[in-house]
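What follows is one structure encoded as structure tokens, with my remarks underneath.
Here, each number is a calculation from the coordinates, and none is a lab measurement. Model, not experiment: these values are computed from the prediction. Using ideal geometry, Cβ is built from the backbone for each residue, glycine included, and neighbour counts are taken over all protein chains shown.
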């Protein structure tokens, strides 16, 4: 959490808080690395807390990550299903050849 307190510097026209979208006054906080502006420390802290629980910057990024997770999960389930079906087939084939039914 690195931020700068900006005093008596009017931001560019129409600049708003990154957390609550209120217009910025003469004093505001600015995130050091991302250059996002916040109207006060409470908005900055709220946004920082939200980023811990939801680190995605956009909806598209969140959808992409969740799609990748669900595709991976489906792939793992299909892999387990195909492995178990193959094992069942091989056991049945061994049983038939041991008993002389297919041989």
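Quick notes on this one:
- Filter result for residue 46 (out of contact with any strand residue (DSSP E or B) (no Cβ under 7 Å at 6 or more places or on another chain) and surrounded by 12 or more Cβ atoms within 10 Å (Cβ to Cβ)): yes
- Subset of segment 20-35 that is in contact with a strand residue (DSSP E or B) (Cβ under 7 Å, 6 or more places away or on another chain) and assigned to a loop (DSSP other than H, G, I, E, B) - its residue that is surrounded by the most Cβ atoms within 10 Å (Cβ to Cβ): 24
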